[in-house]
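Trainee: Mind having a look at this structure? Questions to follow.
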Amino acid sequence: MTSPPPRLPVVRAATAGVLAVLAALGAGHLVAGLLLTPAASPFFAVGNAAVDRTPAPVKDFAIKNFGTNDKPALLIGMAVVLVLVGAIVGLVSRRSVIPGLVAIVAIGVVGALAVGEQSTDLMGLVAPAAALVAGVGVFWWLHGRARPPATDDAAPRKTLGRRRFLLTSVVAAVGAVVAGAGGVALARRVDVTASRQRVGELVPTTPAPPIPPGAAFPELGTPSFLTPAADFYRIDVNLEVPQLRAEDATLRITGLVDEPLEFTFDDIRSMPLVEQTITMTCVSNEVGGPYVSTANFIGVPLLDLLDRAGIQSGAQQVVGHSVDGFTLGTPLDMLRATGKQAMLAIGMNREALLPEHGFPMRTVVPGLYGYVSATKWLTELELATYDVKPYWVERGWDGQPPGVVPIKISSRIDAPTAFQQLSGPLVTVAGTAWAQGRGISRVEVRIDGGDWQPAELGTEVNRNTWRMFKLTTTLPPGQHTATSRAYDGDGVMQAEERLRLINPGPVPDGATGWQSMIFTVA
Ligand SMILES: Nc1nc2c(c(=O)[nH]1)N[C@H]1C(S)=C(S)[C@@H](COP(=O)(O)O)O[C@H]1N2
Ligand SMILES: [Mo]
């Protein structure tokens, strides 16, 4: 009779599981990098699938608490989960290698499904397949070496067993890390930086008027009027910035058009370029939030391009498609209402777009939130009816009429900052207000619930941009509260009711409410 094989020591079993998972990730990343299919890296695919499935309130929480760091936060969270899963895989396999192998295959299938969901390309499945082979292989190998020698007589053999396992583990770990790093490096072969440099400076045929002095009060704490591209807020569904070279980019106009058209980046670049100062806002911006920025966008009027293709009468929306698989729909009547102001943009502040802002081409429609107007890494504009459901609409958000509303009137106090200690008695409250499309005609500030006082406004640049305000007043020592409210160009007042963006459905079409700032005067 043979006795059952000895069980693996706990630490070795867990190590084998963790390293198998690491090796799978490394191999998947390497092959995805080799094939230039970053979306096929199982790690990112699972992350993206998780983002897709994240309930809106959680997403909102993540955007609010981590901001642009929501992506690293997710990736770190995933890494922690994967290490735990690996350890469990190892621990259930202390007696036999079979349960662990079954678990790894199951994880591999989840990864492959996630990849399949993210990319339609069959080539994409090569990376998860490689991950699966690496995971199974490394687990098998380490498991075999982790078993203590069958006889327990000779101490030297035990030591040898331990050394051999340690060495094998180090080899597996180093291999996984090198493969993963190699994948990252290979994915960067597509040199978007060089492509941006080749685009060079963008000189508009019709420049935007210069920003007048007195349009912003950065010395008082407001943002500068134009946001440097690197500081421009970034919101999108991607864990990695899509890399699309200008040389490879084309824009197709399809769907309900008389004649489908296709433009290369160079076609667009050689058209007469217009420059317009536009403030963009994200619908997820909370009262007082940072997802609002302004740039001089350079490009061509969007409607001119669509009209060249000939928009058919049945078309209700323009659906922007992107390399990341993201889509968004802009109601055609709202687009038409902006006339020549809606843009196909190729630059910001005289430079090519930054990769994170949609290089090489994107749309910008003044007056509408980004999620219904501003497709980054644009590849196609499809004229369609509302039967076509874009990305956020599919996920339960109000991205189609009557849920598409113009950007809501907002004002934000930039100075003083929360709980700032000021030396009095003179205090200046300064901030930013916006109601793109209608402009800002008046901002009022109230201190400690007193009378509303008209603030002094910065020079208006145009109705599609934010407008700064300031009010200087004398205050006694102690704690104070400043509140602001703005009026748009039609004299409509910013809504007082605090509505947060919490649930999909009719409400979350942009937060409303007056902002208050508490500070202390010494
Ligand atoms: N391809 C793509 N375009 C996109 C998104 C996206 O996730 N993918 N997000 C949209 C949203 S919600 C906003 S607010 C704007 C933000 O543009 P920015 O990052 O350049 O500020 O991009 C829009 N365009
Ligand atoms: Mo957004």
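The values are calculated or read from the model by the stated rules, or taken from the named source; none is laboratory data. Computed from a predicted model, the values in this text were never measured in an experiment. Here Cβ is always computed from backbone atoms with ideal geometry, including for glycine, and neighbour counts include all displayed protein chains. For the accessible areas, the whole protein counts, side chains as well, though only heavy atoms, and no ligand, DNA or RNA atoms are used. Shrake-Rupley method; radii C 1.70, N 1.55, O 1.52, S 1.80 Å.
Trainee: Quote the accessible area belonging to LEU35 in square angstrom, nearest 10, computed with a 1.4 Å probe and with ligands, DNA and RNA left uncounted.
Mentor: Roughly 60 Å² of LEU35 is accessible to a 1.4 Å probe.
Trainee: Using r as the Cβ-Cβ distance of THR250 and LEU113, and R0 as 41 Å, what FRET efficiency do you calculate, to the nearest 0.05?
Mentor: Step by step, r from the Cβ atoms, then E = 0.85.
Trainee: In the full protein assembly as shown, how much of ARG308 is accessible to a 1.4 Å probe, in Å² to the nearest 10?
Mentor: Estimated to the nearest 10 Å², ARG308 gives 140 Å².
Trainee: Could you give the semi-axes, largest first, of the ellipsoid that matches the chain, computed as the square roots of 5 times the alpha carbon gyration tensor eigenvalues and rounded to whole Å? Before the final figure, lay out the partial values.
Mentor: Values: eigenvalues 520, 187, 79 Å².
For the chain, the semi-axes come out at 51, 31, 20 Å.
Trainee: How much FRET efficiency would the formula 1/(1 + (r/R0)^6) give for VAL174 and THR473, where r is the Cβ-Cβ distance and R0 is 51 Å, rounded to 0.05?
Mentor: Working: r = 64 Å, r/R0 = 1.26.
Efficiency computed from Cβ-Cβ geometry: 0.20.
Trainee: Another question, if that's okay. Search the structure for amide H atoms under 5 Å from the amide H of GLY288, placed 1.01 Å from N in the peptide plane, and list their residues when 5 or more places away or on another chain.
Mentor: When sequence neighbours closer than 5 places are left aside, there are no close amide H contacts.
Trainee: Each residue of region 436-442 in order: what ³J(HN,Hα) in whole Hz does its phi give by Karplus 6.51 cos²θ - 1.76 cosθ + 1.60, θ = phi - 60°, with x for Gly and Pro?
Mentor: Each residue of region 436-442 in turn: 3, x, 9, x, 10, 9, 6 Hz.
Trainee: Sticking with this structure for a sec: Does region 410-521 classify as rounded, prolate or oblate by the C-alpha gyration tensor (a ≥ b ≥ c root eigenvalues; a/c under 1.5 gives rounded; else a/b over b/c gives prolate, otherwise oblate)?
Mentor: Details: a/c = 2.31, a/b = 1.42, b/c = 1.62.
In terms of gyration-tensor shape, oblate.
Trainee: Separate question: Near the amide H of LEU422, under 5 Å away, which other amide H atoms are found, from residues 5 or more places off or on another chain, if H is placed in the peptide plane?
Mentor: HN-HN under 5 Å from LEU422: THR520, VAL521, ALA522.
Trainee: Average projected area of the Cα convex hull of region 199-394, in nm²? Don't jump to the answer; show the numbers that get you there.
Mentor: Details: hull surface 45.4 nm².
Taking the Cα atoms of region 199-394, their convex hull projects to 11.4 nm² on average.
Trainee: How much solvent-accessible surface does GLU351 expose, in Å² to the nearest 10, with a 1.4 Å probe and all protein chains in place?
Mentor: Its heavy atoms expose roughly 100 Å² to the probe.
Trainee: Further question: Collect residues whose amide H, placed 1.01 Å from N in the peptide plane, falls under 5 Å from the amide H of THR375; neighbours closer than 5 in sequence don't count.
Mentor: Correct list: THR363.
Trainee: Where the centre of each part is set by its Cα atoms, how far does region 277-338 sit from region 154-231, in angstrom?
Mentor: One Cα centre to the other: 28 Å.
Trainee: Using θ = phi - 60° and the Karplus curve 6.51 cos²θ - 1.76 cosθ + 1.60, what whole-Hz ³J(HN,Hα) does each residue of region 181-197 get, with Gly and Pro shown as x?
Mentor: Along region 181-197, the couplings run 5, x, x, 4, 5, 5, 5, 7, 3, 6, 8, 5, 4, 5, 4, 5, 5 Hz.
Trainee: Can you flag which of LYS71/LYS470; LYS71/LYS408; LYS71/LYS376 are past 25 Å Cα-Cα? Please list the in-between numbers first.
Mentor: Values: LYS71/LYS470 35 Å; LYS71/LYS408 27 Å; LYS71/LYS376 18 Å.
Beyond 25 Å: LYS71/LYS470; LYS71/LYS408.
Trainee: Another one. Whole-Hz ³J(HN,Hα) for each residue in region 352-362, computed from phi via Karplus 6.51 cos²θ - 1.76 cosθ + 1.60 with θ = phi - 60°, x for glycine and proline: what do you get?
Mentor: Per residue, the Karplus-derived 3J(HN,Hα) values read 4, 4, 6, x, 6, 9, x, 3, x, 9, 8 Hz.
Trainee: Farthest toward the dipole's positive end in the chain, which of CYS282, ILE518, VAL174, given Cβ charges of +1 (Lys, Arg) and -1 (Asp, Glu) about the Cα centre?
Mentor: VAL174
Trainee: Something else: State the percentage of accessible surface on region 410-521 attributable to carbon and sulfur atoms; use a 1.4 Å probe and exclude ligands, DNA and RNA.
Mentor: Values: 2420 of 4810 Å².
For region 410-521, the apolar C and S fraction of the accessible surface comes to 50 percent.
Trainee: Still on this structure, please answer the following. Using a simple charge model, +1 on the beta-carbon of Lys and Arg, -1 on the beta-carbon of Asp and Glu, nothing else, what dipole does the chain show about its Cα centre, in debye to the nearest 20?
Mentor: About 2600 debye.
Trainee: Would you work out which of PRO476, LEU335, GLY33 lies farthest towards the positive end of the dipole of the chain? Charges go on Cβ: Lys and Arg +1, Asp and Glu -1.
Mentor: GLY33
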